[in-house]
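The values are calculated or read from the model by the stated rules, or taken from the named source; none is laboratory data. Computed from a predicted structure; not experimentally measured. Neighbour counts run over all protein chains shown; Cβ positions are idealised from the backbone, glycine included.
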Amino acid sequence: MAGDSVVLWWLEVESVAAADWPRIEALLDDTERARARRFHFERDRLSYMAAHALARGLLSAWAGGEPSAWRFTVGPHGKPEVLTPVTAPRLRVNLSHTRGLAAAVVAEEHDVGIDVEWLDRRPASGDLARRFFAPVECAQLEALPPAMADEAFLSIWTLKEAYIKAIGKGLAQPLDSFAFILDPLAIRFEAGMEDDAADWLFRQFRPTPRHLMALALRHPRPHGVTITASAVNADRLCRQPEAAGPGRISRR
Ligand SMILES: CC(C)(COP(=O)(O)OP(=O)(O)OC[C@H]1O[C@@H](n2cnc3c(N)ncnc32)[C@H](O)[C@@H]1OP(=O)(O)O)[C@@H](O)C(=O)NCCC(=O)NCCS
């Protein structure tokens with residue numbers, strides 16, 4: 001059924017040979033290329049380029065056409081949305097980049113969000129959790145030995161980011177208005193928040209030993225959704241799509 005598939009690609013930035021970056025840059029549009037040039041650190045520029053190339057490559061693998069030709073609008077809180085013809089299924093995309101890793105996800109119709117984080121980031125997790133997380137999230141972290149609390153903090157962080165990116169509100173959504181329970185994985189909404197946990201699918205991934213990734217999808221039948229998640233390299237990313245066909249990669 002349309003909208004029951006989600007495809008997610010990630011790319012390890014260090015796996016890309018220097019000679020392949022021009023091919024990846026060629027997938028971007030002029031605005032993205034100009035923005036990429038403005039990054040101070042090369043590592044940030046490369047993961048930015050990789051994430052935007054992944055989103056474009058994934059859209060073209062799904063629906064055909066040139067990756068650099070996709071156009072986007074931006075929602076009131078900054079969420080990019082694909083401009084597709086009104087007759088086509090509405091394609092939805094989200095991307096994320098962190099040190100050493102980029103990821104993108106495509107779905108049809110439904111709200112989708114993704115977040116990746118670098119585990120060595122070693123945040124001052126206790127302070128940040130007390131400042132931003134819901135009490136039930138803080139309590140889960142406090143119950144863990146310090147060595148496990150940092151990773152659990154980043155697990156909750158990536159899930160919260162994936163959720164606020166799926167709903168498109170970014171940090172306009174108070175981060176303590178909803179909470180994640182890690183085991184078993186579930187979301188809880190505070191009183192006054194109009195959302196329903198039964199409409200959500202969340203997944204966590206460990207794409208590399210140094211990174212965490214979380215996916216959030218709003219869907220009327222979350223248990224019927226097929227998620228295809230794969231690491232791609234520069235060759236796969238830059239491969240020209242074959243004959244166009246909506247949802248082709250999702251139905252392989
Ligand atoms: C912008 C935000 C949506 C994500 O920021 P982030 O996690 O730093 O960055 P990511 O790499 O995961 O995602 C950035 C991409 O999300 C997309 N994006 C931007 N605004 C978005 C929004 N409102 N909703 C969904 N996606 C959005 C864009 O494609 C953006 O790419 P670009 O910056 O290269 O143009 C927002 O949540 C933010 O500013 N977060 C800051 C971190 C923070 O304090 N988190 C607290 C978590 S507990």
Query raised in the report: Out of (1) within 13 Å of the ligand (Cβ to nearest atom); (2) in contact (Cβ under 8 Å) with a residue 60 or more places away in the chain, what's the single condition that is false for ALA61?
Result: (1)
Report task. Scan ALA191, ALA198 and give me the residue that is loosely packed, with under 12 Cβ neighbours inside 10 Å, out of contact with any Leu (no Cβ under 9 Å at 6 or more places or on another chain) and not in a loop (DSSP other than H, G, I, E, B). Result -> ALA198
**Report entry** Selected residue (criterion: nearest to the ligand (Cβ to nearest atom)) from residues of the stretch 99-114 that are in a loop (DSSP other than H, G, I, E, B) and within 15 Å of ALA51 (Cβ to Cβ)
**Finding:** ARG99
Report task. Would you confirm whether any residue within the stretch 223-237 is closer than 21 Å to ASP4 by Cα, exposed (fewer than 13 other Cβ atoms within 10 Å of the Cβ), modelled with pLDDT under 95 and away from the ligand (no atom under 16 Å from the Cβ)? Result -> yes
Query raised in the report: If a residue has to be buried (at least 18 other Cβ atoms within 10 Å of the Cβ) and within 21 Å of VAL225 (Cα to Cα) to count, how many in the stretch 169-186 make the cut?
Result: 1
Report summary line: the stretch 1-98: helices (runs of 4 or more DSSP H) wholly inside it with 1 or more residues that are closer than 20 Å to ALA231 by Cα, out of contact with any strand residue (DSSP E or B) (no Cβ under 6 Å at 6 or more places or on another chain) and not acidic (Asp, Glu) are 21-25, 42-63
Query raised in the report: Within the stretch 24-40, is even one residue within 10 Å of the ligand (Cβ to nearest atom), crowded, with 20+ Cβ neighbours inside 10 Å and among the β-branched types (Val, Ile, Thr)?
Result: no
Report task. Considering only residues that are at pLDDT 95 or above and in contact with a Lys or Arg (Cβ under 9 Å, 6 or more places away or on another chain), look in the stretch 79-91 and name the one that is nearest to the ligand (Cβ to nearest atom). Result -> LYS79
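What residue, of LEU144, LEU175, LEU154, is in a loop (DSSP other than H, G, I, E, B) and within 12 Å of the ligand (Cβ to nearest atom)? Walk me through it before giving the result.
Details: LEU144 fails: within 12 Å of the ligand (Cβ to nearest atom); LEU154 fails: in a loop (DSSP other than H, G, I, E, B).
Sole residue among the options that is in a loop (DSSP other than H, G, I, E, B) and within 12 Å of the ligand (Cβ to nearest atom): LEU175.
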Query raised in the report: Taking the condition of a type outside the set (Ser, Thr, Tyr) and within 14 Å of the ligand (Cβ to nearest atom), does ALA18 pass?
Result: no
